[in-house]
Amino acid sequence: MLLVLFSLLSFSGQSDAASSIYVTKGNTSSKVVALTFDDGSDGTNINKILAILSAHNVKATFFLTGSGAEKHPQAIKNIAAKGHQLGNHSYSHPDFRTISASQMKSQLDRTETIIKNLTGKSTKPIFRAPYGAVNPNVLAGVGAAGYGYTIQWNIDTIDWRGDSATTITNKVVNNIVPGSIVLMHTGAGAPGTPVALPNIITKLKAKGYSFVTVSQLLNLPSSPPASRGTTYTVKAGDTLYSIAQRFNTTVAKIAAANNIANVNLLRIGQVLKIPGTSTAPTPTPPPATSTTYTVKAGDTLYSIANRYNTTVAKIAAANNITNVNLLRIGQVLKIPGTTTTPPAATTVKYTVKAGDTLYSIAVRYNTTVAKIAAANNITNVNFLRIGQVLIIPR
C-alpha cells in the first residue's frame, strides 16, 4: 500500500475539530503524481479523457458536480466503471466562502446522493472547492459535512482558458515534482486537455513518474468497512471526531449508537460501539512526553489534556488561554506537568494502521524517518503495509 506524506496548508484561527484538511500536494521523494479533473455542466471531453487514461493504464480522480451529473449521467457512470476515484465538487459550483455551513452541507449532500444513485460509489472523503476558494469557515463547514480532505493542487493547467495542447503539456511537465496534484477540466472550454493528455502521460512516464489517485496519494480507505458490530476502547488523545474518521463513519452515528449526549466528553477506557464496521484498527500509542506540543488539525484542548494526562484548565493557565474552544493549527502549547526527557527505552514496536506515514510515526515518537527506515531495512520510505510491525529506535 502506498503511503506518502502530504503537505497541508492550514489556516490560522481555525479550531473546529471537524475541519477539513487542506491538501496541496504529496510531500514525498517518490515520483508519483495524481491527475485530477474537475467536471462542470457539460462534460464534453469525459469519454475522450477516459479512453486516453485506459489506453495508458492510468487511474485518475474526478471531482464531480451534481448539476453536471444530472446532465450527463452516463459519462459519470463511465468514470466509475473505469475504476477512477470520485470526489465532490458541489452541486451548482458556488463560491463556498459566500454561503452558510448549512448551504455547504446541502450542496455536498445533494451531489453525494446523485453520484451514489448513479454509480453506487461515494464521493467522500474528498472535496474540491469551486474556484479553489477556501477559508477557515469553508474548511469547518465541509469537514462537518463529512469531507475530511479539501484537495487543492500545485499545478494548475488553466486549461479552461482554451490554451493549446502544447502550452498545457509544458505547464505540467516543466513544473512536475514528486507528489504533484495536477488540475485539469473535462468541459468544452478546455479543448486542449484531451489533446495534451497522451503527451503529458508519456513524458511523465519517461521521467520515471507513476500515476495514483488522490486516495492512494494520501492513503485514504477506498471504501468503508462492510459489516457492523465492532467496538473501540477510547484512549488518551481520542475525540469522537478522530474515532469517526478512523472508522469512516460520523460523530452523529457513534453518538447515537452509544447514547452519548455530549460529544465532547469521552472517558479513557470507555468502550464504544462503532456502527457499520467490522474490526477495530490498531490502537495508536501515546506520543513521547514533552514540555511543548504543536496543535494539529482535529486537536482540542480536551484531547491534548487527555493525551498528556493533565487538565484543560492547567494547559489553559500555562498558555494564558481565555477561550478554551479556540486553538490555532500550528500553535505551540506548553504542557504543564510533563518532563523534557523522553522515556529511557531504546526501542519500541508499533503496528502500522490506515492513515499512517513514516513521517507521522517519526513525529509521534520524536525520532526521524531515516532512523525508522534504517532500523527496519526500509528502502522506500513511501511504502508501508497496514499491519506491518516497525521497530522504533529512540
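So the values come out like this:
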| item | result |
| --- | --- |
| Close pairs from the stretch 359-387: first without any contact (Cβ under 8 Å) to a residue 40 or more places away in the chain, partner charged (D, E, K, R) and surrounded by 14 or more Cβ atoms within 10 Å (Cβ to Cβ), Cβ under 8 Å, at least 6 apart | ALA362/LYS371; THR367/ARG394 |
| Qualifying residue in the stretch 43-55 (condition: touching a residue at least 60 places away in the same chain (Cβ under 8 Å), of a type in the set (S, T, N, Q) and not in a helix (DSSP H, G or I)) | yes |
| Answer residue from the stretch 16-29, given it is in a loop (DSSP other than H, G, I, E, B) and surrounded by fewer than 19 Cβ atoms within 10 Å (Cβ to Cβ) and is modelled with the lowest pLDDT among those | ASN27 |
| Meets criteria (surrounded by 17 or more Cβ atoms within 10 Å (Cβ to Cβ), of a type in the set (S, T, N, Q) and more than 14 Å from SER122 (Cα to Cα)) for ASN45 | yes |
| Only one of LEU64, LEU3 that is modelled with pLDDT of 95 or more and crowded, with 21+ Cβ neighbours inside 10 Å | LEU64 |
| Helices (runs of 4 or more DSSP H) wholly inside the stretch 101-208 containing at least 2 residues that are in the same structural domain as THR28 (by TED's automatic domain parsing), under 25 Å from GLY83 (Cα atoms) and at pLDDT 95 or above | 101-119, 165-173, 192-206 |
| Test set (1) at pLDDT 85 or above; (2) among the hydrophobic types (A, V, I, L, M, F, W, C); (3) in contact with a helix residue (DSSP H, G or I) (Cβ under 6 Å, 6 or more places away or on another chain) - LEU240 fails condition number | (1) |
| Contacts under 8 angstrom Cβ, first residue in the stretch 320-337 being without any contact (Cβ under 8 Å) to a residue 24 or more places away in the chain and closer than 18 Å to ASN306 by Cα, partner of a type outside the set (Ser, Thr, Tyr) and not in a loop (DSSP other than H, G, I, E, B), 6 or more apart | ILE321/LEU301; ILE321/ILE315; VAL324/LEU301; VAL324/VAL312; VAL324/ALA316 |
| Odd one out for LEU9 among (1) of a type in the set (A, V, I, L, M, F, W, C); (2) under 30 Å from PHE383 (Cα atoms); (3) modelled with pLDDT of 95 or more | (3) |
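The values are calculated or read from the model by the stated rules, or taken from the named source; none is laboratory data. In this text the structure is predicted, and so the values were computed from the model without any measurement. Virtual Cβ from ideal backbone geometry, glycine too; neighbours counted across all protein chains shown.
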